[in-house]
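What follows is a single structure, written as structure tokens, with notes after it.
The values are calculated or read from the model by the stated rules, or taken from the named source; none is laboratory data. Bear in mind the structure is a predicted one, so any value in this text is a computation, not a measurement. Here the Cβ positions follow ideal geometry from the backbone for every residue, glycine too, while neighbour counts run over all protein chains shown.
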Amino acid sequence: MTLSRFFWIGFLLIATIGLIHIIHALTLGLQVQTFHTSFTANKLREGDLRLLFLSDIHHFSLKKLKKELQKLTAPIDLILVGGDFPHTRLPEFLQLLKCVPAKWGIYGVEGNHDEFSFLQKRMPEAGTLLNNEGVMLREDFYLCGFRDPWHTQVDLEAALKNRKGEPFTLLLAHQPDQALEMALDQVDLMLAGHTHDGEIAFFGLWRPALTFMHVTSYNQHFRAGWRQGRNRLPVLVNSGLGCHLFRSFTRPQIIVLTIKKADQS
């Protein structure tokens, strides 16, 4: 086989791979995935909980998000936002979330692209910003949230200060790396975002941004979905809604998480 033939075969192969990823970016890469998932909690005694979890909104279309939220039919107990709010449209975003009935309202944490003082000022209009702190939402359920470590120190002791007894403890954080860097023995489940699932994943298998960019210290470990932290801590990583470039073989995502009471029989 001549050198020129090798060149053209290689060129066509690369062009085909590129075209496939461009087609995905222009189709599924623009469509929001509503990921329904569940987690069984031995510490829950008073019944199941259903959570709506969003993260990394950035410049994502609020009109498109509204359409997805209107499709939700099951009642929601709690809305969680894992940081990187849409700052220039924050009031509109918060009002949009308020249109989703949620028994315990809206809680959020700071992301690495957020300005904490601005969030702290505006968030009370619709919900609560967790500043290395937590709240007992039920006798068997404790919610806590971290500040972003790129901005300030994370304080686990302060986040767990209001915890009473041995409730199921849910930690909301922007960056998932803390699940491997900290001893979170009193936490039962961690929710995080930040990595955007790498945004571009070659055929969904490898995400260059997670390996070569300063997104996470753990390579591909914290791609979107169910992951594990230290001591097998369950971590649910949200792909997020917004992105910096475009998405290919990843999807903008919202998560509906049902925390189920374990069968005691």
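What to note about this one:
- Filter result (surrounded by fewer than 22 Cβ atoms within 10 Å (Cβ to Cβ), in contact with a strand residue (DSSP E or B) (Cβ under 8 Å, 6 or more places away or on another chain) and among the aliphatic types (A, V, I, L, M)) within segment 158-190: A158, L160, L189
- Looking only at segment 70-112, residues that are on the phi < 0 side of the Ramachandran plot, in a loop (DSSP other than H, G, I, E, B) and within 16 Å of the chain's Cα centre (by Cα) come to 7 in all.
- Here P252 fulfils each of the conditions (1) more than 25 Å from I76 (Cα to Cα); (2) in contact with a strand residue (DSSP E or B) (Cβ under 9 Å, 6 or more places away or on another chain); (3) touching a residue at least 24 places away in the same chain (Cβ under 8 Å); (4) not charged (D, E, K, R) apart from (1).
- Answer from L156, L171, L180 - the residue that is closer than 22 Å to P234 by Cα, within 16 Å of the chain's Cα centre (by Cα) and without any contact (Cβ under 8 Å) to a residue 60 or more places away in the chain: L171
- Inter-residue pairs, beta-carbon under 6 Å, first buried (at least 19 other Cβ atoms within 10 Å of the Cβ) and in segment 50-79, second among the hydroxyl-bearing types (S, T, Y) and not in a helix (DSSP H, G or I), 6+ apart: R50/T258
- Filter result for A126 (modelled with pLDDT of 95 or more and either touching a strand residue (DSSP E or B) at 6+ places or on another chain (Cβ under 7 Å) or closer than 20 Å to L51 by Cβ (or both)): no
- Screening D185 on (1) closer than 26 Å to F39 by Cα; (2) under 18 Å from the mean Cα position of the chain (by Cα); (3) not aromatic (F, W, Y) shows it passes everything except condition (2).
- In segment 234-248, the residue that is surrounded by the fewest Cβ atoms within 10 Å (Cβ to Cβ) out of those that are more than 17 Å from N112 (Cβ to Cβ) and either hydroxyl-bearing (S, T, Y) or at pLDDT 95 or above (or both) is P234.
- For E46, the conditions (1) within 28 Å of D148 (Cβ to Cβ); (2) touching a residue at least 60 places away in the same chain (Cβ under 8 Å) all hold with the exception of (1).
- Exclusive hit being modelled with pLDDT under 95 and at negative phi, set F146, F202, F168: F202
- Of the residues in segment 24-45, at least one is assigned to a loop (DSSP other than H, G, I, E, B), under 20 Å from the mean Cα position of the chain (by Cα) and not β-branched (V, I, T).
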